[in-house]
Structure formats: C-alpha cells, structure tokens
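Here is the structure we will look at, set down as structure tokens.
Only the coordinates and a few stated rules stand behind these numbers; no lab work does. This structure is a prediction, so every number in the text was calculated from the model and none was measured. Note that each Cβ is placed from the backbone with ideal geometry, even for glycine, and that neighbours are counted across all protein chains shown.
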Amino acid sequence: MQPWKFVVVTDKDLIKEMGSRIKAKTINDPKHPFVKQRAETKEDPIFYSAPVAVFIFGDKSNHWS
C-alpha cells in the first residue's frame, strides 16, 4: 500500500555521473539558477561529493506519492 520506492546509491562513480548529467540538464534552466551559482564555486554542485545518494520514486498519478 506504500506507493514509493527507495534507491540507495553508494557507488561514487555512479553518483558523480548522475550529478554530471543533472548539472548538464539544469545549469542553464532559469528555474534552477542556484545550480549555475554553485557550479562556479563547487566541484560537485549537485551532490556535494556525498558518499551516498537516496532517491525516492513514486507514481505521479497516486495522490499519496
């Protein structure tokens, strides 16, 4: 009955790759100006070199997700 899933990523190379892809898609998006600002001062402006990333997935059509 719980409409969500958790994915825990501990592979540092995978976290870095995902951060690079997110950065590439959002760095020039006016909805996310902070990404560009952080990219100027941080090596990893998305995950800040975190050792673990936890992603939470849910179905958009489910009100409780």
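Checking the structure you have, find out if any residue of the stretch 28-42 is loosely packed, with under 11 Cβ neighbours inside 10 Å and touching a helix residue (DSSP H, G or I) at 6+ places or on another chain (Cβ under 9 Å).
yes
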| task | May I ask you to list the residues in the stretch 20-65 that are of a type in the set (Asp, Glu) and in contact (Cβ under 8 Å) with a residue 12 or more places away in the chain? | result | Asp44, Asp59
| field | Boolean, Lys25 is over 14 Å from the mean Cα position of the chain (by Cα) and of a type outside the set (Gly, Ala, Ser) | value | no
| task | For the stretch 1-33, enumerate the residues that are part of a helix (DSSP H, G or I) and either over 26 Å from Ser65 (Cα atoms) or of a type in the set (Lys, Arg) (or both). | result | Lys12, Asp13, Lys16, Glu17, Ser20, Arg21, Lys23, Ala24, Lys25, Pro33
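Looking only at residues that are surrounded by 13 or more Cβ atoms within 10 Å (Cβ to Cβ) and aliphatic (A, V, I, L, M) in the stretch 43-65, which one is farthest from Leu14 (Cα to Cα)? Can you show your working first?
The initial filter retains those residues of the stretch 43-65 that are surrounded by 13 or more Cβ atoms within 10 Å (Cβ to Cβ), namely 44-47, 50, 53, 65.
Those left that are additionally aliphatic (A, V, I, L, M): 46, 50, 53.
Values: Ile46: 13, Ala50: 12, Ala53: 10 Å.
Selected residue: Ile46.
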